[in-house]
Amino acid sequence: MNTFDYLVPEQLGAALAEYADGQATLKAGGIDLLDLMKERIATPHTVLSIDGLTDLRYIRQESDGVHIGSLTTLAELERSELVAKKYVGLHQSAAHSSTPQIRERATVGGNLCQRPRCWYFRNQEFYCSKKGGATCFAVDGENRYHAIFGEGPCHIVHPSNIAPALVALDAEIVVRAAEGKPQSIKAADFFVMPAQSLYAENVLKPGQIVCEVVLPNEPSASATIELREKQSFDWPISIASVARVDGSWRVCLGAVAPVPWLSKSVMAVLGNQEITPELAATAGDAAVKNANPMSENAYKVQLVKVATKRALLAAAGLETPLWN
Ligand SMILES: Cc1cc2nc3c(=O)[nH]c(=O)nc-3n(C[C@H](O)[C@H](O)[C@H](O)COP(=O)(O)OP(=O)(O)OC[C@H]3O[C@@H](n4cnc5c(N)ncnc54)[C@H](O)[C@@H]3O)c2cc1C
Ligand code: SF4
């Protein structure tokens, strides 16, 4: 790890001012940043630690919805009765992320902005396209955990568990910079595909900090199903998050594309219909309509079908079969 300056602002205004030129590297809980620094993927000269900013740590009901400060931890989301009652899908995704110890440190903002887990990206020996090189090593290499949606040139899957739930719920992400008003961005527009931005996974500009997430009041039902290789701390290999917002179903898939994948093909099939086992199965088939698996990850196609079907059944309060 390189040596670096360590700044600990006590107020959000001071943090925004220190971060204004985008030169420092933000640290919230530090779970991902520490990994990146130990792996020498991040070599910051200045680390700006914001996890002590208590004014970004809250979950509160307001007239336009529930506001969650970006330094709220995943464990606090898990413990929130308000989130558990109104946003079941988000609660499930937070509660199933990583380990209890990590959830106590990991923040909402850091979870959304964590870097990809592609093993070539995480290994400093591989100078891949995402780091400025000429090759995506996953194309002809080990790609069993990579994307089955999207056209490249990079085939990461977005690593955040809570992002698909936020996109399904049609949440807004509020970002701030030292100058100007806070900017509200739909969660579905926050993440960017590699063809649009190869080196960053979201639309944040230098100097911008994620400050809060706003969940709409309307969802009448939601659920998240995550499928894993084993019941442990590891990232899921397929996620389906569904929510009924203003009467219509929204479906977002995770761990299968470089961004949380809002499945328009499923949403077109569902519209505002009541869920039946037959409709849920049809939706599962529609979810993989444009899938384009790589050499080692075609198994994810079936996982997406099953996760989508089960999430819809769960959100509708119907029996969720465990065998398919
Ligand atoms: C063993 C293990 C298992 C895991 N399993 C899962 C899992 O199942 N699901 C899952 O979702 N995650 C999982 N993770 C990842 C973990 O949840 C994330 O690393 C964590 O949520 C990051 O949050 P943080 O607050 O620690 O972010 P940090 O490490 O502090 O920051 C992460 C990145 O986000 C940037 N950042 C942080 N806060 C902000 C902000 N407010 N505005 C703008 N940029 C910001 C930082 O600059 C940095 O680049 C796992 C991690 C480990 C080590
Ligand atoms: S998937 Fe992306 S991060 Fe991984 S090797 Fe290819 S270009 Fe690099």
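Brief remarks follow.
- For the chain, with +1 on Lys and Arg beta carbons and -1 on Asp and Glu, the positive-most of SER232, LEU215, ILE185 along the dipole: SER232
- A viscosity of 0.890 mPa s and a temperature of 25 °C, combined with the Kirkwood radius over Cα pairs in Stokes-Einstein, give a translational diffusion coefficient for the range 276-315 of 238 µm²/s.
- Fully extending the segment from LEU82 to ASP21 would add 18.2 nm, taking 0.36 nm per residue of separation and subtracting the current Cα-Cα distance.
- Charge dipole (the range 204-324, unit charges on Cβ, about Cα centre) - positive-most of ALA257, ALA315, ALA287: ALA257
- Nearest-0.05 FRET efficiency for LYS181 and PHE4, computed from C-beta distance (R0 30 Å): 0.45
- Pair SER248, LYS264: separation of 7 Å Cα→Cβ label points (nm): 1.2
- Semi-axes of the equivalent ellipsoid for the chain, computed as √(5λ) from the eigenvalues of its C-alpha gyration tensor and ordered from largest down, come to 31, 25, 16 Å.
- Our summary of shape: the Cα atoms of the range 40-150 have principal axis extents of 49, 36, 29 Å, ordered from largest down, in whole angstrom.
- Reported to the nearest whole Å, the Cα centre-to-centre distance from the range 1-48 to the range 222-283 is 34.
- Note on the chain: with charges restricted to the Cβ of Lys and Arg (+1) and Asp and Glu (-1), its dipole about the Cα centre is near 480 debye.
- Across all directions, the average flat footprint of the convex hull enclosing the Cα atoms of the range 142-286 is 10.3 nm².
- In terms of distances greater than 25 angstrom between alpha carbons, the cross-link table entries LYS131/LYS305; LYS230/LYS264; LYS38/LYS186; LYS131/LYS230; LYS27/LYS205; LYS85/LYS186 yield LYS131/LYS305; LYS230/LYS264; LYS38/LYS186; LYS131/LYS230.
- Packing rank of 56-64, 25-33, 273-281, 103-111, where each peptide gets the mean count of other beta carbons within 10 Å, highest leading: 103-111, 25-33, 273-281, 56-64
- The portion of the accessible surface of the range 117-206 made up by carbon and sulfur, rounded to a whole percent, is 51 (1.4 Å probe; DNA, RNA and ligands excluded).
- What you get for the range 96-160, charging only the Cβ of Lys and Arg (+1) and of Asp and Glu (-1), is a dipole of about 240 debye around the Cα centre.
The values are calculated or read from the model by the stated rules, or taken from the named source; none is laboratory data. Everything numeric here is computed off the predicted structure, so don't read it as measured data. Neighbour counts run over all protein chains shown; Cβ positions are idealised from the backbone, glycine included. Surface areas here come from the heavy atoms of the whole protein model, side chains and all, with no ligands, DNA or RNA. Shrake-Rupley method; radii C 1.70, N 1.55, O 1.52, S 1.80 Å.
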